[in-house]
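Right, one structure below, let's go through it.
Throughout, read-outs are computed from the coordinates displayed, never taken from laboratory work. On a predicted model such as this, the values are computed, not experimentally measured, just so you know. Backbone-built Cβ (ideal geometry, glycine too); neighbour counts: all protein chains shown.
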């Protein structure tokens, strides 16, 4: 089944019903994506939700994705995710070895969020394409 991606291109991807965008600084992201989130929801046919994550390791005044721990992100996500959910992580939250700052691997994160699909990229379009 063809759909239109957020950039207006035809896509044969089967997009999930719910896309959860994980970000450590919700206010900044909401301002940045105020216009884009409804367009993303319309283009994908998905419910799109931003999930705020408090940086408990370094304190809530630290608002950079590169200092987010995998455990902190897990704590912020809903417990009832299904195979129709997708979690889009900021690529900056992982180092070159695919580890969060608390040494949780992306694979371990995926295991703990199963059956949801998890992608990590610096660009939302790339994350959506990976679905």
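Of note:
- Residue list for the range 52-89, restricted to those being surrounded by 17 or more Cβ atoms within 10 Å (Cβ to Cβ) and in a strand (DSSP E or B): 85, 86, 87, 88, 89
- Looking only at the range 90-102, and only at residues there that are under 22 Å from residue 130 (Cα atoms) and in contact with a helix residue (DSSP H, G or I) (Cβ under 7 Å, 6 or more places away or on another chain), the one that is surrounded by the fewest Cβ atoms within 10 Å (Cβ to Cβ): 98
- Selection count where residues are in contact with a strand residue (DSSP E or B) (Cβ under 9 Å, 6 or more places away or on another chain) and either without any contact (Cβ under 8 Å) to a residue 24 or more places away in the chain or farther than 19 Å from residue 86 by Cα (or both), scope the range 64-75: 1
- The set of residues in the range 90-131 that are in a strand (DSSP E or B) and more than 12 Å from the chain's Cα centre (by Cα) comprises 99, 105.
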